[in-house]
Each structure stands twice: as structure tokens, then as C-alpha cells.
Amino acid sequence: MKNYEQKHAVLSVNQLSCWQSSQFQLKNISLNISESCCVGIIGPNGSGKTTLLKAVTGFIPSKSGRIYYCNSPIESYNKQNLSKEIAIVLQSTELDQSINVEDYILLGRNPYRKRWQFWESEQDIQAAEAAMRFTQIESLRFRQINALSGGEKQLVRIARALAQDPKLFLLDEPTNHLDISHQLQILTLLNRLKREKKMSIMIVLHDLNLASEFCDEMILMRNGKIVIMGTPKEVLTCQNIESVYHTQVVEGKNPVSKKPYVFLVSE
Amino acid sequence: MNQKAIKWGITFSILLIILFSVSLIALSMGTMNISMDQLIWILFNQIDSTEYTILMEIRLPRILVGIAVGGALSLAGVILQAVFRNPLVEPYTLGISGGAALGVSISIVFSLNQLYAMSLPFFGMIGAGCVILSIYSLNAFGVIHNMQRLLLIGVMISFISNSLFMLIISLSKSEQMHIIMFWTMGSLEEPNRVLVYTLLIVSLLGCMITSIYSVDLNILSLGEEDAFHLGLHVERVRNILLIMASILTGFSVSISGIIGFVGLVVPHFVRLFFGSDHRTVIIASYITGGIFLILCDLLARTIISPMELPVGIVTGLVGGLIFIYALVKK
């Protein structure tokens, strides 16, 4: 049974540790992510969620442990090929350039650029169009990105990552600063990616209930370590939440989806 | 054919035509005005006339230096603004001009400039080279962790070399001071033909190499992390481009002195009209920089003719006013 799982793991991380100036950022992280599975990462600020995403892409070098992508060690991929497989939407990216949406999304095709290629190929333009169609931002195509609203900007960022045509999609708090309709729009979009494109998704979220609603599996982190990994039902228990966040909560259920729901209790 | 490529080709040709016409105008105007039809007549039929000598020996080299220096400084500006993601950076920010000025002033104070014709540019090159080397060795030994620090160190080196430059000026004799000050204000006059052609070749090569990296510059202006995740070898591309910018600036400064403003304003001006895709910005900045400098030089040598203004004064005055106007109008 375990072997079977291993075979289908898109990403498997084995005893990964990262530290900087003798302070652990990640400690003995092991996890498997299978095809078309959405994994939500939750935990308090500074618990290493973003670091974990960036360690997976190699931006933050790991000090010990291995990362395997599709059963081969991640170092065996060259940089350009890896960025065809793994795309990330960072939290910090500011969209302040004065270029239009289409050109911005076309930058996501960089991994497919050949050595002396100066102009985008027909294929690149089609991929950008497909990404815009999927995220339903075709109407923004010729707008300047610095003039977009927060929700539109987030969709544009996601579309750029989709233009990379990745199999593993990492997102760092994509719903931050967005109203509930945009939050729902983005998470529904991710659900479609998972179902229609068989993408595996790793997503950092602060909203426990959104995570519970949309993720197949959840990882709860604290101080660079995984506290527990499992289904939302296993992770979102009063005991786990209280021990990690030091906050009192009450467990419940979403009346429609029957997924676990966490209520905050004020003192 | 890609639509963008067609647009790029049209922009490129229009700018080239403007550059060519501006060069013709600059050839014909001066202390001695030559009309257009006369100009063509002289160029093709009167090879042994005085006019021909003036055109080919005095005005044409100035135009070539104008294209080379204007292009090189604008290009360096484009590169640095994209790499540092800071619109206020210009070719002189990293202290390259300060180093060149220091080298030139030392050579003048010790009367080394009378040794042979190329000694001023030579010492300017050494000064600029010292600054570039010191910044890169700091970078290579891992003292500089990020781009902002590199920028800060460049600014500090610029201040230090400026202070040393001032020190040398205050200690020098008055006629030496005059030479130094005049060099500092910049001029496109360069009597040595070999230097003119070397500068032009370096500058054109710089333009071609930078053009190859224009898509990488687009990616780089997204920021280091995004560029990394799009499969770009950030460190490598950045180093190549920074060295490119340093060489371009070093060559220009040591031959034509410190001509301010071109490297800061031309890239902004170009982006205002052509957008911020570096494939267009690089080539357009290069040609526009050339056009701008030729026009400023034309003004500098005709406005109080037969006297001549330092071109650095004109670039600052005219460029600043035009830029504010364009900014307000947009």
C-alpha cells in the first residue's frame, strides 16, 4: 500500500531541514503530495509555511534531506525544466509595472523560451490565452496591471503561473486582502485546476475554514515543524488548534458541506 | 509574423530615419552653415575642398561620438534601472564617473596628459576600471548580500571619489583646474580617430549584447524571486548586464567626460512613449540617446557661435525641460 502511494507522489519531501545562522527554519519535514490533490498548509505567523514552499522550489536551499519530484531528486532537473513543472504564486509580488495583462502573463512562458528566441511563439500566445480563459480575465487583456484592483491582480498572478503549465502549483496566501467573493472565486478556480488539469496544489492559508472547505489534506505547522498532517477532520480538532495557536476554539460543521468548521471564542 | 515584431521593426526604422536626418542637420549646421544640396554636392564631388575637411574631420567624428556616447549612457541607464528596480538609478550612481574623473584629474595634475594624445581617456579608463573592480571584488567576496547594498556601496564610492576629486582640484594650479573643470563638463570633441571608432564599436557591440538579454531584463524587472521561479539564472544574467553597463559607462566617460542626465532621462522618456518592454526599450533608448546628444551638441556649438558651450550644460537644461513637459502632458 505504501509503495503504491510512493509511486504516485508528485512531490515527496524526506527529512528536509533548513537553517540560517544556527536557527532552524524548517526541521525534519517529510511529506508526500499525490496527483490532483490539494494540500493546505496552516500555522501561526513565522511557523515556516512560506519557507516550506520556497524550499520546495529551491529558492531557499535545503541544508539536509531530499526533495523528490516525480520520483527523481529535484537537483536532477535543470532550472528551466523545473520551472515548467512547478509554478509558484508569491505573496510579495507587487504589480506596479506599466505593462498590460497579456504581456505580463506571457512572461510566464519564459521556461519554454529557446536560447536565441526573441519573440513569443504562437504556442506561447495560445498558452497565455488559455490561462486567461481559465481564470476568466480575458476582458482585462489589454489593461495595465498597475491599474487593476486587488482581486484582479491576484487572478493575473495566478494566470501567469498557469501559463507555465505546471503540474505542481504552489500558492502563498492567495486570498489575502480579498473580499469573500474573490476568495471564493480563487479557491473555486483551484478546485477546477485540480479536477480538470490534474494539478497538485500546495496552498498556504490563514483562514482555517477556507482551508477545511477546499483542501483534501492539511498540514499544521509550528516552529518549522509539522505538527500533524491529515484530512481536515483529523487536523482541525480543538486540541490541535489550541496547542498550536494558543487560542480557544469550538469545533463544528459547515451545515452545507459537512466539512469541519472552527469557531473562534472571545474571552 | 508576430505583431509585436512588426511594431518593433516599424519603431526601429522610424528612429533610424530620425537619427539619420538629425545627423545630416548636425553636419550642415555650425559656425559655417552649409545648405543641404550643397552638403550632398560637397560630399560626393569636392573631396579636396575645405568644406569637405570640416565635414569629415570635425563634424562627422562629433556625430559618431554623439551616437556612441548617447547610446551607451542611455543603455547603461536602462540596464541599471531594470536590475536595481529603481527608476532613479543612472550610469553614474555606481561611482564609475567619479572614478574616471579622479583618474583624469590626477593625470592632469601630474602633467601626464601631455605625454600622448590618448592619455586623458586612458587615465579615465583606469579610474573607472578601479571603481568597477572594487565594487565587483566586494561582490565576489560575498560582502554584498543584496542589490540594495550594492547600490548603497556604489553611491558611497561615488561620494568618496568625488571628495578626492575636489581635494585634487583644490590643490591644483589654476590652469590645470581649468582643464579639469572643462573635462568634467563633458565634450564630444575627440581628435583621435582610433578612439572614436573604438568607442563606436564598443558601444554598438554593447547594444547588441544587451539586446540579446532584453527578455531576461523583462523577467528580471519582476523581482529576483519571481525571476528565479521562472527559470532565470538571476545571478549570471545580472552580473553580465552590470559588467556591460560598467564598460559602456567607463568608455563613454573617459572619452567624452561627464555628460549628465542622458542615462537617467532617455530611458524614462522612451518608456513614456514605447511602453516598458525591454525588447523595444533597449533599441529605442540607444537610438534616442544618440539623437538627443547630437541635438544637444548642435545647440552647444551653435547657440553662442563661434564660442562653444560644454554639452553637459545643454543636456541638463534642455533634457530637464523637455522631460517635465512630456511628463505633465502625458
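The values are calculated or read from the model by the stated rules, or taken from the named source; none is laboratory data. Keep in mind that what you see is a predicted model, and the values were worked out from it rather than measured. Note that we place each Cβ from the backbone using ideal geometry, even for glycine, and neighbour counts take in every protein chain shown.
Scoring B:Ala101 on the criteria (1) more than 30 Å from B:Thr31 (Cβ to Cβ); (2) assigned to a helix (DSSP H, G or I) leaves a single failure, condition (1).
Suppose the filter is among the aliphatic types (A, V, I, L, M), touching a residue at least 60 places away in the same chain (Cβ under 8 Å) and over 21 Å from A:Leu155 (Cβ atoms); does A:Leu82 pass it? It would help to see each step written out before you state the result.
On the way: among the aliphatic types (A, V, I, L, M): yes; touching a residue at least 60 places away in the same chain (Cβ under 8 Å): no; over 21 Å from A:Leu155 (Cβ atoms): yes.
Here the answer is no, as A:Leu82 does not meet what is asked.
Considering segment B:232-274, the residues that are over 23 Å from A:Asp96 (Cβ atoms) and within 14 Å of another protein chain (Cβ to nearest Cβ) include one that is surrounded by the most Cβ atoms within 10 Å (Cβ to Cβ), namely B:His233.
Tell me yes or no: at least one residue of segment A:165-176 is surrounded by 15 or more Cβ atoms within 10 Å (Cβ to Cβ), over 24 Å from B:His233 (Cβ atoms) and within 14 Å of chain B (Cβ to nearest Cβ). Please lay out each step first, then the result.
The first filter runs over segment A:165-176 and keeps only residues surrounded by 15 or more Cβ atoms within 10 Å (Cβ to Cβ), leaving A:165-175.
In the following step, the residues that additionally are over 24 Å from B:His233 (Cβ atoms) were identified as A:171, A:173-175.
Of the ones still in play, those that are also within 14 Å of chain B (Cβ to nearest Cβ) are A:171.
For segment A:165-176, residues surrounded by 15 or more Cβ atoms within 10 Å (Cβ to Cβ), over 24 Å from B:His233 (Cβ atoms) and within 14 Å of chain B (Cβ to nearest Cβ): present.
The set of residues from segment A:33-75 being in contact with a Gly (Cβ under 8 Å, 6 or more places away or on another chain), of a type in the set (S, T, N, Q) and not in a loop (DSSP other than H, G, I, E, B) comprises just one member, A:Thr51. When segment A:14-26 is filtered for residues that are modelled with pLDDT of 90 or more and either surrounded by 23 or more Cβ atoms within 10 Å (Cβ to Cβ) or over 25 Å from A:Pro174 (Cβ atoms) (or both), the ones remaining, listed by number, are A:Asn14, A:Gln15, A:Ser17, A:Leu26. With the requirement that a residue be among the β-branched types (Val, Ile, Thr) and within 12 Å of chain B (Cβ to nearest Cβ), what does segment A:106-142 give you? Correct list: A:Ile125 only. Filtered by the rule that a residue be at pLDDT 85 or above and within 9 Å of chain B (Cβ to nearest Cβ), segment A:84-105 gives A:Lys84, A:Ile86, A:Ala87, A:Ile88, A:Leu90, A:Ile99, A:Asn100, A:Asp103, A:Tyr104.
Restricting attention to segment B:229-238, report how many residues are without any contact (Cβ under 8 Å) to a residue 40 or more places away in the chain, part of a helix (DSSP H, G or I) and within 30 Å of the chain's Cα centre (by Cα). Walk me through it before giving the result.
The first filter runs over segment B:229-238 and keeps only residues without any contact (Cβ under 8 Å) to a residue 40 or more places away in the chain, leaving B:229-237.
Subsequent filtering for residues that are part of a helix (DSSP H, G or I) retains B:229, B:234-237.
Okay, now just the ones that are also within 30 Å of the chain's Cα centre (by Cα), so B:234-237.
Residues that pass the stated criteria total 4.
Within segment A:54-67, does at least one residue satisfy the condition of being under 19 Å from the mean Cα position of the chain (by Cα), under 19 Å from A:Asp165 (Cα atoms), crowded, with 20+ Cβ neighbours inside 10 Å and not hydroxyl-bearing (Ser, Thr, Tyr)? Yes, some residue in segment A:54-67 is under 19 Å from the mean Cα position of the chain (by Cα), under 19 Å from A:Asp165 (Cα atoms), crowded, with 20+ Cβ neighbours inside 10 Å and not hydroxyl-bearing (Ser, Thr, Tyr).
Listed here are the residues, each with its yes/no results for (1) buried (at least 17 other Cβ atoms within 10 Å of the Cβ); (2) at pLDDT 85 or above; (3) touching a His at 6+ places or on another chain (Cβ under 7 Å).
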position	(1), (2), (3)
B:Asn2	no, no, no
B:Met56	no, yes, no
B:Val65	yes, yes, no
B:Gly77	yes, yes, no
B:Leu112	no, no, no
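Of all residues in segment A:107-136, which are β-branched (Val, Ile, Thr) and closer than 19 Å to A:Thr93 by Cβ? Selection gives A:Thr135 alone. Scanning segment A:98-154 for residues that are without any contact (Cβ under 8 Å) to a residue 40 or more places away in the chain, of a type in the set (Phe, Trp, Tyr) and touching a helix residue (DSSP H, G or I) at 6+ places or on another chain (Cβ under 6 Å) yields one hit, A:Trp119. Search segment A:210-237 for residues that are closer than 17 Å to A:Lys253 by Cβ and free of Cβ contacts under 8 Å to residues at least 24 places away in the same chain and pair each with any residue that is part of a loop (DSSP other than H, G, I, E, B) and among the acidic types (Asp, Glu) when their beta-carbon atoms are under 8 Å apart and the residues are at least 6 apart or on different chains. Correct list of pairs: A:Thr231/A:Asp216.
Any idea which of B:Asp226, B:Asp216 is touching a strand residue (DSSP E or B) at 6+ places or on another chain (Cβ under 9 Å), part of a helix (DSSP H, G or I), modelled with pLDDT of 90 or more and under 30 Å from A:Thr50 (Cα atoms)?
On the way: B:Asp216 fails: touching a strand residue (DSSP E or B) at 6+ places or on another chain (Cβ under 9 Å).
Matching residue, one of B:Asp226, B:Asp216: B:Asp226.
Among the residues of segment B:148-158, is there at least one that is among the charged types (D, E, K, R) and either crowded, with 16+ Cβ neighbours inside 10 Å or within 14 Å of another protein chain (Cβ to nearest Cβ) (or both)?
At the first step, the residues of segment B:148-158 found to be among the charged types (D, E, K, R) are B:149.
Next, from what is left, pick out any that are either crowded, with 16+ Cβ neighbours inside 10 Å or within 14 Å of another protein chain (Cβ to nearest Cβ) (or both): none.
No, the conditions are met nowhere in segment B:148-158.
Condition test on A:Glu75, is it closer than 30 Å to A:Ala9 by Cα, away from chain B (no Cβ under 11 Å) and surrounded by fewer than 18 Cβ atoms within 10 Å (Cβ to Cβ)? Here the answer is yes, as A:Glu75 does meet what is asked.
Based on what the data block shows, is A:Leu220 surrounded by 15 or more Cβ atoms within 10 Å (Cβ to Cβ) and outside any helix (DSSP H, G or I)? Break it down into steps so the answer makes sense when it comes.
Numbers: surrounded by 15 or more Cβ atoms within 10 Å (Cβ to Cβ): yes; outside any helix (DSSP H, G or I): yes.
Yes; evaluated as a whole, the condition is true for this residue.
For segment B:306-330, a tally of residues being surrounded by fewer than 13 Cβ atoms within 10 Å (Cβ to Cβ) and not in a helix (DSSP H, G or I) returns 3. Among the residues of segment A:194-206, at least one is more than 19 Å from A:Leu162 (Cα to Cα) and in a loop (DSSP other than H, G, I, E, B). As a summary of the residue check, A:Asn81 satisfies the conditions (1) assigned to a loop (DSSP other than H, G, I, E, B); (2) at the interface with another protein chain (Cβ under 10 Å from one of its Cβ atoms); (3) of a type in the set (S, T, N, Q) except for the one numbered (1).
Given the criterion touching a Ser or Thr at 6+ places or on another chain (Cβ under 8 Å) and assigned to a helix (DSSP H, G or I), identify the matching residue among B:Leu133, B:Leu151.
Numbers: B:Leu133 fails: touching a Ser or Thr at 6+ places or on another chain (Cβ under 8 Å).
Residue meeting the stated conditions: B:Leu151.
Output the residues belonging to segment A:85-97 that are without any contact (Cβ under 8 Å) to a residue 60 or more places away in the chain and either surrounded by 14 or more Cβ atoms within 10 Å (Cβ to Cβ) or of a type in the set (Lys, Arg) (or both). Within segment A:85-97, A:Gln97 is the sole residue that qualifies.
Sort through B:Leu164, B:Leu204, B:Leu195, B:Leu171 and tell me the only one that's in contact (Cβ under 8 Å) with a residue 40 or more places away in the chain, over 29 Å from B:Arg85 (Cβ atoms) and within 18 Å of the chain's Cα centre (by Cα).
Numbers: B:Leu164 fails: within 18 Å of the chain's Cα centre (by Cα); B:Leu204 fails: over 29 Å from B:Arg85 (Cβ atoms); B:Leu171 fails: within 18 Å of the chain's Cα centre (by Cα).
One residue alone meets the criteria, B:Leu195.
Taking segment A:109-124 as the range and being under 19 Å from B:His278 (Cβ atoms) and part of a helix (DSSP H, G or I) as the test, the residues that pass are A:Arg109, A:Asn110, A:Pro111, A:Tyr112, A:Asp124.
Run down B:Ser214, B:Ser187, B:Ser203, B:Ser221 and say which single residue is in contact with a Ser or Thr (Cβ under 8 Å, 6 or more places away or on another chain), within 14 Å of another protein chain (Cβ to nearest Cβ), surrounded by 17 or more Cβ atoms within 10 Å (Cβ to Cβ) and of a type in the set (Ser, Thr, Tyr). So that I can check it myself, show each step before the final result.
Details: B:Ser214 fails: in contact with a Ser or Thr (Cβ under 8 Å, 6 or more places away or on another chain); B:Ser187 fails: within 14 Å of another protein chain (Cβ to nearest Cβ); B:Ser203 fails: within 14 Å of another protein chain (Cβ to nearest Cβ).
Step by step, each of B:Ser214, B:Ser187, B:Ser203, B:Ser221 is checked, and only B:Ser221 is in contact with a Ser or Thr (Cβ under 8 Å, 6 or more places away or on another chain), within 14 Å of another protein chain (Cβ to nearest Cβ), surrounded by 17 or more Cβ atoms within 10 Å (Cβ to Cβ) and of a type in the set (Ser, Thr, Tyr).
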